[in-house]
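S.K.: My questions will all concern the structure given below.
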Amino acid sequence: MANVALLALPSSFYGTEVAKEAELAAGILLDQGQTHSVETPYGSVTFTVYGTPKPKRPAILTYHDVGLNYKSCFQPLFQFGDMQEIIQNFVRVHVDAPGMEEGAPVFPLGYQYPSLDQLADMIPCILQYLNFSTIIGVGVGAGAYILSRYALTHPDTVEGLVLINIDPNAKGWMDWAAHKLTGLTSSIPEMILGHLFSQEELSGNSELIQKYRNIITHAPNLENIELYWNSYNNRRDLNLERGGAVTLKCPVMLVVGDQAPHEDAVVECNSKLDPTQTSFLKMADSGGQPQLTQPGKLTEAFKYFLQGMGYMASSCMTRLSRSRTASLTSAASIDGNRSRSRTLSQSSESGTLPSGPPGHTMEVSC
């Protein structure tokens with residue numbers, strides 16, 4: 001009888017099952033990402049796309065720091081549980097700097113690696129290839145500089161920037177002297193580790209530090225990494241000026257750990273940006289790479305940032321955030337006539353971030 005019942009099913013049933021299997025297979029493929037390469041005036045660049053474009057929404061485009069690629073820089077953040085609420089609503093483009101992608105061949109001797117300005121000039125080729133019109137950039141270190149340079153030259157295509165550990169300044173003579181002296185006593189991997197992590201973290205030699213020391217020291221493309229490192233150290237000054245002609249015109253969230261090597265540089269960058277467009281997030285207990293050590297708190301901050309841009313409904317906030325919204329809103333109304341720039345501090349144990357009213361620079365220790 002079971003066989004008779006099976007034969008009696010309409011043919012459309014089988015078509016539906018095949019369609020479901022095809023949809024499942026497509027979803028698995030998208031979860032794994034689709035890697036592309038495109039030629040630019042400065043060489044080939046590789047990037048990986050996750051998800052499908054959403055109507056009237058920008059793509060989230062990431063750019064990693066020196067010594068890392070998109071996976072080692074961003075995977076802990078974008079695989080974090082609460083981040084799924086965000087990535088379901090945006091297509092993601094993870095850019096690997098030339099020669100940093102997995103399996104990249106070593107560049108030949110004498111190869112002229114692109115400057116950071118030229119790396120920024122590769123981004124329009126990526127967007128044109130994908131037919132994307134606007135992005136929200138998320139960059140760390142050298143990647144934050146590259147995205148800032150791109151935003152200065154293509155402001156109409158950047159809706160927002162999340163800049164972690166950005167140093168907008170060129171190296172001064174004292175910096176050069178210190179760099180040269182360090183190079184006499186330290187290897188390239190050790191210098192890069194000193195760029196990525198605080199001295200306290202390196203001295204502690206935690207499991208995370210051991211992992212990334214091993215990744216960089218034994219990288220098969222270490223020669224390529226050194227070229228990217230040299231380009232970063234030869235960067236030009238962004239010449240940002242609050243109220244001047246050169247400034248970031250989109251909403252910006254600056255992020256740095258409270259013991260990060262670049263804390264002073266990020267504080268200085270904050271002083272050069274429009275306070276009505278800028279949020280400053282200083283994270284406690286996060287060290288030099290908050291996207292690795294505090295993905296939950298950074299995810300929370302990112303949600304608020306997107307919500308301020310009109311892309312994340314309040315229903316997408318976590319339970320802890322919602323529980324604080326009413327009190328923060330009432331506090332904001334009381335303080336409404338006070339200075340436009342205010343400091344909000346929190347315990348690192350709370351794991352929540354303030355939702356400041358639009359147009360306020362927030363320095364948050366969370």
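S.K.: Here are some residues: 222, 227, 238. Which one is under 19 Å from residue 168 (Cα atoms) and modelled with pLDDT of 95 or more?
M.R.: Working: 222 fails: under 19 Å from residue 168 (Cα atoms); 227 fails: under 19 Å from residue 168 (Cα atoms).
From the options 222, 227, 238, the qualifying one is 238.
S.K.: Pick from 246, 255, 266: which is aliphatic (A, V, I, L, M), assigned to a loop (DSSP other than H, G, I, E, B) and in contact (Cβ under 8 Å) with a residue 24 or more places away in the chain? Give the steps one after another, and end with the answer.
M.R.: On the way: 255 fails: assigned to a loop (DSSP other than H, G, I, E, B); 266 fails: assigned to a loop (DSSP other than H, G, I, E, B).
Matching residue, one of 246, 255, 266: 246.
S.K.: Then there's this: With the requirement that a residue be in a helix (DSSP H, G or I) and either in contact with a helix residue (DSSP H, G or I) (Cβ under 6 Å, 6 or more places away or on another chain) or at pLDDT below 95 (or both), what does region 118-165 give you?
M.R.: To start, the set of residues in region 118-165 that are in a helix (DSSP H, G or I) comprises 118-120, 123-130, 142-153, 155-157.
Selection gives 119, 120, 123, 142, 145, 146, 149, 150.
S.K.: While we're looking at this one, here's another question. If you go through region 264-273 one residue at a time, do you hit one that is surrounded by fewer than 17 Cβ atoms within 10 Å (Cβ to Cβ) and closer than 30 Å to residue 110 by Cα?
M.R.: no
S.K.: Moving on. Look at residue 314 and say whether it is surrounded by fewer than 22 Cβ atoms within 10 Å (Cβ to Cβ), over 20 Å from the mean Cα position of the chain (by Cα) and modelled with pLDDT under 50.
M.R.: Values: surrounded by fewer than 22 Cβ atoms within 10 Å (Cβ to Cβ): yes; over 20 Å from the mean Cα position of the chain (by Cα): yes; modelled with pLDDT under 50: no.
Considered against the rule, which asks whether it is surrounded by fewer than 22 Cβ atoms within 10 Å (Cβ to Cβ), over 20 Å from the mean Cα position of the chain (by Cα) and modelled with pLDDT under 50, residue 314 comes out as no.
S.K.: Given the conditions (1) of a type in the set (Val, Ile, Thr); (2) in a strand (DSSP E or B); (3) open to solvent by 20 Å² or more (accessible area, probe 1.4 Å), and given that residue 52 satisfies all but one, which numbered condition is not satisfied?
M.R.: (2)
S.K.: In addition: Please tell me if residue 58 is over 25 Å from residue 262 (Cα atoms) and in contact (Cβ under 8 Å) with a residue 24 or more places away in the chain.
M.R.: Working: over 25 Å from residue 262 (Cα atoms): yes; in contact (Cβ under 8 Å) with a residue 24 or more places away in the chain: yes.
So residue 58 fits the description; yes.
The values are calculated or read from the model by the stated rules, or taken from the named source; none is laboratory data. On a predicted model such as this, the values are computed, not experimentally measured, just so you know. Virtual Cβ from ideal backbone geometry, glycine too; neighbours counted across all protein chains shown. Ligands, DNA and RNA are excluded from the accessible area calculation, which covers all protein heavy atoms including side chains. Shrake-Rupley method; radii C 1.70, N 1.55, O 1.52, S 1.80 Å.
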